[in-house]
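The structure appears right after this line, and notes come after that.
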Amino acid sequence: MPSRIGTAEKILNRLKGLHNNLQADEQPLFSMPAIWDGGQGQHATPCDIVVTNLRVFGYFYVSFPRERLFLDALPLKSIRAISLRQKSFEPIFRELLVSSDQRRVYIRAPRQKIESLYEALRSAIQQYTPATQPILEPEEEQQTASSATATTSTKPTAPVYGKQEIRGPFERSPLAIILLFVGGLLLEIAGAYLWFITQNPQGGFPLCVAGFVSVVTAFLIVRSRG
């Protein structure tokens, strides 16, 4: 208990304004920086991910130069599946997909951090959300000569946990975008330098054009992905 209280105090001290946005009897258990994509037409938001005994949510609060609050949450009891996903050609980030009956939330962070979140969220659900399984409930004990009447009532089951590897085309991957963008900038710099040294546009101009095309292509791919 003391360690849990100490963790909660550290999180509350670190995240400004969080105490005012917690529900009654809600206690923070874990937090880390990540990218929260709540779907529903929202943009991905860099923020802190907070796991409490009641919810998991993305959160940030700033008061200057103007007050801004972001808080998008899923109740632990509504979560039906948690999947730790690794996309091919994704050099840095991993993704955690958290699904409820109503929506899906994607959380992105470096591998070590996303695995810590996966374990923290799983532990919180197991500890604070009672797992239930389908049960059979007799409606009435009416025995007749022909049959007995009973109905099946299904309660929500415990969330499904899993890990996935998602394969996608390299040309639309983050790694390809980075290579196109950085490579394009290097080509433009090399072209400009060659043009300056030789004083001949025929030597550097093609490199500048190739670099410009690479950078524009990288931006177009990013835009199409968003």
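The values are calculated or read from the model by the stated rules, or taken from the named source; none is laboratory data. All values derive from a computational prediction rather than experimental measurement. Glycine gets a Cβ as well: all are built from the backbone with ideal geometry, and neighbour counts include every protein chain shown.
Listed residues 12, 84, 74; which is in a helix (DSSP H, G or I) and surrounded by 15 or more Cβ atoms within 10 Å (Cβ to Cβ)? Every option except 12 fails the conditions.
Do we have residue 123 as outside any strand (DSSP E or B), assigned by TED's automatic domain parsing to the domain that holds residue 27 and modelled with pLDDT of 85 or more here? Before you say what the answer is, go through the steps one by one.
Numbers: outside any strand (DSSP E or B): yes; assigned by TED's automatic domain parsing to the domain that holds residue 27: yes; modelled with pLDDT of 85 or more: yes.
When the stated conditions are applied, residue 123 passes them.
Sub-9 Å Cβ pairs linking a first residue in region 32-44 that is at negative phi to a second residue that is modelled with pLDDT under 75, at least 6 apart or interchain, are 36/42; 43/226; 44/226, ordered by first then second residue.
Taking residues in region 198-220 that are farther than 13 Å from residue 186 by Cβ and surrounded by fewer than 16 Cβ atoms within 10 Å (Cβ to Cβ), and partners anywhere that are hydrophobic (A, V, I, L, M, F, W, C) and at pLDDT below 85, the pairs with Cβ atoms closer than 7 Å and at least 6 places apart or on different chains are 201/195; 203/194; 203/195; 205/195. Checked against (1) more than 12 Å from the chain's Cα centre (by Cα); (2) part of a strand (DSSP E or B), residue 98 passes all but a single condition, namely (1).
Against the condition at pLDDT 70 or above and in contact with a Lys or Arg (Cβ under 8 Å, 6 or more places away or on another chain), how does residue 80 come out, does it pass?
Values: at pLDDT 70 or above: yes; in contact with a Lys or Arg (Cβ under 8 Å, 6 or more places away or on another chain): no.
The answer is no for residue 80.
When the criteria are applied in full, residue 55 fails the requirement of being farther than 21 Å from residue 163 by Cα and out of contact with any helix residue (DSSP H, G or I) (no Cβ under 7 Å at 6 or more places or on another chain). Against the list (1) farther than 25 Å from residue 159 by Cα; (2) surrounded by fewer than 15 Cβ atoms within 10 Å (Cβ to Cβ), the condition residue 60 fails is (2). All conditions in (1) out of contact with any Phe, Trp or Tyr (no Cβ under 8 Å at 6 or more places or on another chain); (2) surrounded by 13 or more Cβ atoms within 10 Å (Cβ to Cβ); (3) closer than 28 Å to residue 44 by Cα hold for residue 192, with the sole exception of (3).
Can you tell me which residue within region 100-109, out of those that are over 20 Å from residue 53 (Cβ atoms) and either touching a Lys or Arg at 6+ places or on another chain (Cβ under 9 Å) or not assigned by TED's automatic domain parsing to the domain that holds residue 27 (or both), is modelled with the lowest pLDDT? Of everything passing the filter in region 100-109, 101 is modelled with the lowest pLDDT.
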